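Reading through the structure tokens given below for one structure.
The values are calculated or read from the model by the stated rules, or taken from the named source; none is laboratory data. Source: prediction; values computed, not measured. Because the Cβ atoms are built from the backbone with ideal geometry, glycine has one as well, and the counts that use them run over all protein chains shown. The area values use the complete protein model at the heavy-atom level, side chains included, leaving out ligands, DNA and RNA. Shrake-Rupley method; radii C 1.70, N 1.55, O 1.52, S 1.80 Å.
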Amino acid sequence: MPVLTQAAGYLVVIGFGVFFSVGMILLSLFERKYLGQVETSESFSTANRALKSGIIASSIVSAWTWAATLLQSSSVAYDYGVSGPFWYASGATIQVLLFAILAIEVKKKAPNCHTFLEIIYLRYGKATHLVFLVFALLTNMIVTAMLLLGGSSVVSSLTGMSVEAACFLIPVGVIAYVTFGGLKATFITDYIHTAILFIIILFFGFVVYATSPLIGSPGKMFDLLSDASVLNPIKDNQDGSFLTMSSTQGLIFGIINIVGNFGTVFVDQAYFQRAIAASPKSALPGYLIGGLCWFSIPFFLATTLGLACAALESNPAFPYYPLRIPAADVSAGLAAPTAATALLGSNGAIAILILVFMAVTSAASAELIAVSSIFTYDVYRTYFKPQASGKDLIKFSHIAVVTFGCVMGVLAIILKAIGISLGYLYLLMGILVAPAVMPIALTLTWKKQNATAAISGAIGGLVCGLAAWLITASKYYGYVNLESTGGNYPMLAGNLASLVCSSIIAISISLMKPDDYDWSETKAMKPVDEAPTDLVIDGDDEATLTKASTIAYWASVVMTIVLIFLWPIPMYASKYVFTKGFFTGWVALGFTWAAVAAATATLLPLVETRHLFFGIVGWKGAHAKSEEGLSGGGGETAVADSVGGKFIASS
Ligand SMILES: NC(N)=O
């Protein structure tokens, strides 16, 4: 039974949509009238390539916080215990950290590009471009479908609103503010969404581990989970316990998660877009800070609500009491909303509704603008109107945003109708998009990869992944249907085959006939509009980027090794079951990490943009000071507005 009324559902979905859209329209008018800024196609899709690390980090956190980040992470906490949140978080953080390497390569090798597909086109030509165009759009469609599936499940289960209405209404507000504000709009709303997300996550942490009469402390949670481990022991966990990292199914989920998220970072234009929008100095810190802040979101929220769902099952306040939550609802992502409702009734339901809505809309805005850039630069300008003016491109960008938003509403409804849940799509995504990961990474980092290798790697990897997935389902279960193909073992086989086979094929074919590419064409790309955006990588920038590149390789690789080997594997292998003291420390770590991440993601962008506010009120001292260290198109005196990425010429 829904705990909230349909009216509450419509109020959140339509009310927030209208609020952000009106806010964005007013901001655009303010900029035009008082700051003399004009929207150009460059600003729409690159935010003028001048953003600083704080706003890049906050926008990465918000683009990477999907419905699944909150819902699927809590479902795996419910299914596998404490290892679920850990593997969700670490298995999706390392890709953002490692992407810092590609972000810097984009800055060095194609400083004026708009999409990663433009680099592929210039390096390999049309056939390869078309293949990766399909993979890129498939990635955006899968991610957006997951956002709508997760968002609509939560809205409909908590308020009774129809799934169809939710699938259409959730994107409407996002379409409106993205159309008005472009990439800049997504950065501003990303920031606001991120702040709200962290507040609600910390609020739930505080309730569960400090104030709730049902749980109220890590010690009580430990006791309840110990009881739950006896009542409903977890298959393949040490002692059936919720309180151990020694969980075989948790580990398998972790591996699937790692592969799938390589696909949805490295093949998603949204992450290249943030690298493109960053100033040369900001790309590396932006990705590293963003990745580390994001870790705390699934880790702490799922350690809070996912575990609370398991802990409260034997309490009459549990919405399904005396039954367990059905597997289909867990796969639909309803463990977290169920726990929130058990803990706080309708207030908990409202909090989780807003939390999920914020996550869905901010990640959807990143996807919308990414798809719009791909359609504008890689379809319209490349194949239909190479001489398109900036105005043409802007018009087409707007059309692409609206069209993609509507198409995705329909796709989500179709997926729901055929029984594909958020959890199923989450495990499947790597099989479909991870084959493109290695060829894309090598395009920017390895001069020897040739076009045949890139295409064969991606297509060959996909064929191997699909074959491994379906054959394993058939052999392991004896039949092939939604249930068997959604099992952990078929998904594991398919995901690994997609990533590993594509990498082997791309590298082997390149070594047979190595290319010797020097990226001169991609370095020579020019921006479209006559705006101060032609990013010239000067001597200083070149040195900064070379240094950043070395740091990126070391920092991201070391953090990756810590997050997926040094921390979890000894805990898995030793079969350690947490004591009450250890669990308390584990929760304290999650809480502290989330609090530090919240402070970083919300305060750093403000500190970095203080000059904007001082500039607006005319404080010349701050204005002048803030010019130091900012990239400013050809050395002219300019102040980069880190929020909007606009340049405000100083008088
Ligand atoms: N962004 C993810 N994988 O939650």
Checklist entry - Do we have any residue at all in segment 326-339 that's within 16 Å of the ligand (Cβ to nearest atom) and not aliphatic (A, V, I, L, M)? => result yes
Checklist entry - Which of the residues belonging to segment 430-470 are part of a loop (DSSP other than H, G, I, E, B) and open to solvent by 50 Å² or more (accessible area, probe 1.4 Å)? => result TRP446, LYS447, LYS448
Checklist outcome for this item: The condition of being in contact (Cβ under 8 Å) with a residue 24 or more places away in the chain, surrounded by 24 or more Cβ atoms within 10 Å (Cβ to Cβ), more than 16 Å from the ligand (Cβ to nearest atom) and not aliphatic (A, V, I, L, M) holds, among SER74, SER83, SER28, only for SER83
Item to check | Residues that are under 30 Å from GLY254 (Cβ atoms) and open to solvent by 70 Å² or more (accessible area, probe 1.4 Å), drawn from segment 497-530 | outcome: VAL500, ILE504
Item to check | Odd one out for LEU214, checked against (1) part of a helix (DSSP H, G or I); (2) among the aliphatic types (A, V, I, L, M); (3) surrounded by fewer than 20 Cβ atoms within 10 Å (Cβ to Cβ) | outcome: (1)
Item to check | Scan of segment 471-480 for residues that are open to solvent by 70 Å² or more (accessible area, probe 1.4 Å), assigned to a helix (DSSP H, G or I) and not charged (D, E, K, R), ordered by number | outcome: ILE471, TYR476, TYR477
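Okay, residues lined up against (1) more than 26 Å from ARG123 (Cβ to Cβ); (2) free of Cβ contacts under 8 Å to residues at least 40 places away in the same chain; (3) not aromatic (Phe, Trp, Tyr):
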position: LYS385; (1), (2), (3): no, yes, yes
position: ALA400; (1), (2), (3): no, yes, yes
position: MET408; (1), (2), (3): yes, no, yes
position: LEU427; (1), (2), (3): yes, no, yes
position: GLY430; (1), (2), (3): no, no, yes
position: VAL437; (1), (2), (3): no, no, yes
Checklist outcome for this item: From the option list VAL178, VAL172, single residue qualifying as aliphatic (A, V, I, L, M), in contact (Cβ under 8 Å) with a residue 12 or more places away in the chain and open to solvent by 30 Å² or more (accessible area, probe 1.4 Å) is VAL172
Next on the checklist: Just the residues that are in a loop (DSSP other than H, G, I, E, B) and within 11 Å of the ligand (Cβ to nearest atom), please, taken from segment 43-71.
Outcome noted: THR65, TRP66
Checklist entry - Would it be correct to say that LYS281 is outside any helix (DSSP H, G or I), under 30 Å from PHE187 (Cβ atoms) and open to solvent by 10 Å² or more (accessible area, probe 1.4 Å)? => result yes
Checklist entry - Only one residue in ILE234, ILE258, ILE297, ILE252 is within 14 Å of the ligand (Cβ to nearest atom) and open to solvent by 10 Å² or more (accessible area, probe 1.4 Å), so which one is that? => result ILE258
Item to check | Matching residues in segment 584-609 - criterion: being among the β-branched types (Val, Ile, Thr) and either at pLDDT 95 or above or within 13 Å of LEU197 (Cα to Cα) (or both) | outcome: THR584, VAL587, THR592, VAL596, THR600, THR602
Checklist entry - Consider ILE25 against the criteria (1) under 28 Å from ALA302 (Cβ atoms); (2) of a type outside the set (Gly, Ala, Ser); (3) modelled with pLDDT under 85; (4) part of a helix (DSSP H, G or I): it satisfies all of them except one. Which criterion is unmet? => result (1)
Item to check | ILE420, sole failed condition from (1) of a type in the set (Val, Ile, Thr); (2) open to solvent by less than 10 Å² (accessible area, probe 1.4 Å); (3) assigned to a loop (DSSP other than H, G, I, E, B) | outcome: (2)
